[in-house]
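Here's the structure, in structure tokens; my notes come after.
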Amino acid sequence: MIELKELSTGMLIKLLGMKEVNIIDVRPIDAYNGWKLKDEARGGHIQGAKSLPIKWADYMDWIEVVRHKQILQKDHIVVYGYTPDQSQKVAELFLKAGYREVSVYNGFVYEWAARDEYPLEKLERYRQLVYPEWIKTVQDGGTPPEHGGEKTVICHAHYRNRNAYLTGHIPGAIDIDTLALEASETWNRRTPEELKATLEQHGIDSDTTVILYGKYMDPDNDNEFPGSAAGHIGAIRCAFIMMYGGVKDVRILNGGFQSWKDAGYEISSLDIPKEPVAEFGESIPGRPELAVDVPEAKKMIQSSDADLVCVRSYPEYIGEVSGYNYIEPKGRIPGAVFANCGSDAYHMENYRNVDHTTREFHETAKIWKESGITPDKHLAFYCGTGWRGSEAWINAWLMGWPRVSVFDGGWFEWSSDPDNPFQTGIPDKS
């Protein structure tokens with residue numbers, strides 16, 4: 001075993017905020033976000049730390065992830081986790097990769113998290129992004145942390161492909177087709193009357209705790225493609241519409257079905273019947289401010305206090321492709337701010353970690369700030385039909401940004417009206 005310098009709490013405090021120092025949190029991303037997974041006194045991460053879960057240490061492209069996070073060889077690397085073994089393992093990987101100044105800090109649980117004077121950061125709404133063990137506790141009849149004991153419904157989201165559910169899902173989960181909540185003609189959320197009927201049919205009232213997750217399967221051969229957008233984005237799309245409708249406690253399994261599999265928990269193929277409720281209990285929409293339609297989108301473009309945020313790929317943004325085989329027009333809405341989703345209309349890799357969990361929120365906020373996307377404005381995220389826009393929106397909402405919405409119609413509805421302006425080509429930055 002390589003002997004590494006172990007920092008005291010006082011030594012670490014002196015390093016906080018130094019540009020040449022990178023503090024690395026190797027605990028699970030859920031602990032980084034704010035969950036107290038080991039009964040620590042306070043949840044969250046050391047101020048300024050970057051998330052690099054020990055789980056990733058076994059990935060072949062670990063060093064590529066490190067470089068992508070701008071963790072540089074010239075920096076002083078400080079590694080901490082729940083146990084000294086965790087810190088040691090990752091610290092040794094840094095040394096083997098050519099990093100010269102690497103230290104460990106082993107006082108997080110019993111010193112740093114235990115004392116209020118030491119600064120911690122957390123994701124504002126981390127409670128809505130749950131982890132597999134949290135769901136397992138619900139299944140076992142217990143009450144997990146930050147749960148009030150309300151009736152809970154677990155929903156496996158899919159897009160008109162029940163086989164994705166029937167070939168393996170979280171035990172006790174029911175399936176929900178995204179088309180039950182959005183109309184295939186417009187890809188917008190359904191009417192309040194239709195949403196009410198759907199939610200009641202799925203056993204959901206306004207006070208139900210709903211947990212959503214998804215996976216993707218190729219309908220031709222049933223092989224899973226967990227990196228694809230379709231499954232997990234579908235779950236987040238459902239979450240947005242349910243919250244708009246008025247479900248008060250909507251949660252998302254961080255990383256979707258892949259996280260459940262990675263945790264090694266049981267997988268079921270039983271078709272769980274839905275248990276309808278008689279009444280949703282509130283008027284729909286309960287939170288209309290979460291959705292923006294074309295008239296308000298036009299006002300936002302003209303406002304200095306608002307922005308439309310385009311969550312599409314760059315080829316879509318400059319008008320090389322529409323992104324969809326059923327959308328002919330190509331281009332972008334003039335004045336929209338670009339927030340690159342990733343490679344194409346079916347992927348969101350710029351918003352995901354390597355294990356498909358939600359990207360470290362500090363990274364997303366930094367990238368957005370560089371693009372002019374800031375929490376002081378009313379932001380309406382959009383893409384082609386609302387799915388990618390919903391995932392970007394949930395990132396902002398989880399961070400606690402106060403005025404965030406989804407422009408539900410997106411490019412599909414905007415481009416269907418020839419009177420609406422559009423642009424193509426590389427934007428003039430002058």
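Quick rundown of the values:
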| quantity | calculated |
| --- | --- |
| Segment D262-E282, length gained on full extension (0.36 nm per residue, minus Cα span) | 3.5 nm |
| Using alpha carbons only: equivalent-ellipsoid semi-axes of the stretch 5-122, gyration tensor based, whole Å | 21, 16, 12 |
| At R0 = 56 Å, FRET efficiency that the Cβ-Cβ distance of A197 and A114 yields, to 0.05 | 0.65 |
| Length added when fully stretched, D207-D39, from 0.36 nm per residue minus Cα-Cα | 57.7 nm |
| Computed over the stretch 181-335: relative contact order in percent, which uses C-alpha pairs under 8 Å that are six or more apart | 22 |
| Selection from Y351, Q47, I77, by position along the positive dipole direction of the chain (Cβ) | I77 |
| Pairwise FRET efficiency - E6 versus A97, Cβ, R0 = 22 Å, nearest 0.05 | 0.60 |
| Extension gain, D344 back to S304 (0.36 nm per residue minus Cα-Cα distance, nm) | 11.4 nm |
| Cα gyration tensor category, rounded, prolate or oblate, for the stretch 32-91 with a/c compared to 1.5 | prolate |
| In nm, spacing of pseudo-spin labels at I426 and S371 (7 Å Cα→C-beta vector) | 1.8 |
| Mean Cα-pair separation over length for the chain, i.e. relative contact order, pairs under 8 Å, 6 or more apart, % | 14 |
| Cα gyration tensor, the stretch 352-403 - rounded (a/c under 1.5), prolate or oblate | oblate |
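FYI, it's all coordinate maths here, none of it is from the lab. Just so we're clear, the structure is a prediction, and the values are computed from it rather than from any experiment. Quick reminder, even Gly has a Cβ in these numbers, built from the backbone with ideal geometry, and neighbours come from all protein chains shown.
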